[in-house]
Amino acid sequence: MTLVLRLDTVQGAEDVLAAELADHGTARPIGAGWVELRGAPDDGVQEVADRLLRLAAARCFTGVAVPLPGIPREPAFDAALSELIMIMEKAGFAGDHGFRVAEPSTEARDEIAASITAAIGWRQQPSNWVLNLVPGDDGWSAQIGPLHWSRRNAKLERLPWSTPAALADVLVRMAKIRAGHRVLDPCCGSGTLLVAAGLAGATTLYGVDRDPEAVAVATRNLDTLRLPATLRVGDAEALGTMKGVGEVDRIIGNLPFGKQVGSHRDNERLYPALLDGIARRLSADGRAVLLTEDKRLFTDSVQRTRGLKIINQAGFRYGGATPTGYVITRRRR
């Protein structure tokens with residue numbers, strides 16, 4: 001039995017997600033923001049269910065959909081849906097056996113729902129579904145509710161400029177954060193990146209932000225997940241001389257890039273000072289991953305910072321923004 005899954009992520013993060021899924025089957029990007037995952041053809045129902053259950057621990061995706069053949073009320077569609085339900089029940093994902101049909105026409109939706117109930121015995125529950133059946137240009141698919149990011153993670157407070165949660169997980173993976181790492185976010189905002197770092201195993205978390213409200217929100221978010229952190233109101237420009245912050249293994253940050261927060265003129269002062277602080281705080285084998293849309297200024301600032309270099313980068317697209325995440329390490333002397 002081969003179960004084909006389609007996972008969505010932030011546009012630009014497809015390769016990062018495919019790498020994370022390498023131990024779950026054969027993963028490959030199939031379009032902007034999408035990765036396909038295929039299991040082994042000789043897997044039995046229990047093996048497929050176990051694979052689906054393990055997927056809940058992966059971080060860099062938002063949701064999961066299973067492509068279905070044909071259209072509702074056709075034998076191939078009903079058979080595939082019945083097989084998927086059998087797998088979900090084995091994985092413990094069946095819940096209250098509720099489904100939803102994302103069909104805009106009320107009449108068509110009710111007809112489809114009635115046929116599905118007759119075929120599999122589940123009930124239409126638009127507000128409490130574990131399967132969402134969605135028509136698309138390339139056919140129908142079934143979204144798996146328990147694997148959506150919002151159901152796999154605690155609900156946290158956000159600010160208008162907060163980093164999308166799935167992107168935070170992508171940046172943490174790019175930073176190669178491991179258990180025991182000391183991690184600093186010099187522009188921590190609501191703490192989204194620090195939360196992702198803590199869930200990845202970092203044991204020492206530092207966060208700095210000039211906005212007291214943001215620091216208060218970050219504190220509540222980290223407390224919600226019982227992730228110990230040292231947070232303070234401060235200016236990222238003073239990172240190099242900031243007391244109470246020593247050497248760190250990883251530095252991650254969504255920098256102000258002049259749209260919702262800051263301006264290019266502010267960044268002309270901020271970026272060189274921040275990078276100088278990073279050069280002072282980063283361990284010898286450390287790594288920084290910084291996100292910005294003020295790309296020319298940032299790369300020029302790195303080139304002018306003694307001891308640092310860009311070793312990799314990835315461009316993303318979300319909410320009208322097109323920032324780039326830069327991976328920075330120390331130069332070899």
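The values are calculated or read from the model by the stated rules, or taken from the named source; none is laboratory data. Since we're looking at a predicted model, the values are computed, not measured. Positions of Cβ are backbone-derived with ideal geometry, glycine not excepted, and every protein chain shown enters the neighbour counts.
Kindly evaluate Ala314 against the criterion of being in contact with an Asp or Glu (Cβ under 8 Å, 6 or more places away or on another chain) and either surrounded by fewer than 17 Cβ atoms within 10 Å (Cβ to Cβ) or at negative phi (or both). Talk me through it step by step, then tell me what you get.
On the way: in contact with an Asp or Glu (Cβ under 8 Å, 6 or more places away or on another chain): yes; either surrounded by fewer than 17 Cβ atoms within 10 Å (Cβ to Cβ) or at negative phi (or both): yes.
The answer is yes for Ala314.
Taking the range 137-251 as the region of interest, the strands (runs of 3 or more DSSP E) fully inside it that hold 1 or more residues being in the same structural domain as Ala102 (by TED's automatic domain parsing) and modelled with pLDDT of 95 or more are 139-144.
The residue list Ala113, Ala94, Ala57 contains one member that is small (Gly, Ala, Ser), outside the structural domain of Arg173 (by TED's automatic domain parsing) and in a helix (DSSP H, G or I), which is Ala113.
Restricting attention to the range 21-51 and to residues that are assigned to a helix (DSSP H, G or I) and touching a strand residue (DSSP E or B) at 6+ places or on another chain (Cβ under 8 Å), the residue that is surrounded by the fewest Cβ atoms within 10 Å (Cβ to Cβ) turns out to be His24.
Is there a residue in the range 289-311 that is surrounded by fewer than 20 Cβ atoms within 10 Å (Cβ to Cβ), outside any helix (DSSP H, G or I), in contact (Cβ under 8 Å) with a residue 40 or more places away in the chain and in the same structural domain as Pro186 (by TED's automatic domain parsing)? Within the range 289-311, not a single residue is surrounded by fewer than 20 Cβ atoms within 10 Å (Cβ to Cβ), outside any helix (DSSP H, G or I), in contact (Cβ under 8 Å) with a residue 40 or more places away in the chain and in the same structural domain as Pro186 (by TED's automatic domain parsing). Thr224 is checked against (1) buried (at least 17 other Cβ atoms within 10 Å of the Cβ); (2) more than 18 Å from Arg281 (Cα to Cα); (3) hydroxyl-bearing (Ser, Thr, Tyr) and fails just one. What number does that condition carry? All conditions pass for Thr224, except number (1).
Just to verify a result, which residue in the range 273-288, among those that are in a strand (DSSP E or B) and in contact with an Asp or Glu (Cβ under 6 Å, 6 or more places away or on another chain), is farthest from Pro164 (Cα to Cα)? Working first, answer last.
Step one: filter the range 273-288 for residues in a strand (DSSP E or B), giving 282-288.
Still in the running and in contact with an Asp or Glu (Cβ under 6 Å, 6 or more places away or on another chain): 283, 286.
Numbers: Ser283: 28, Gly286: 25 Å.
Going through the qualifying residues, I end up with Ser283.
Take the conditions (1) touching a residue at least 24 places away in the same chain (Cβ under 8 Å); (2) farther than 14 Å from Phe77 by Cα; Pro104 misses just one of them, which is (1).
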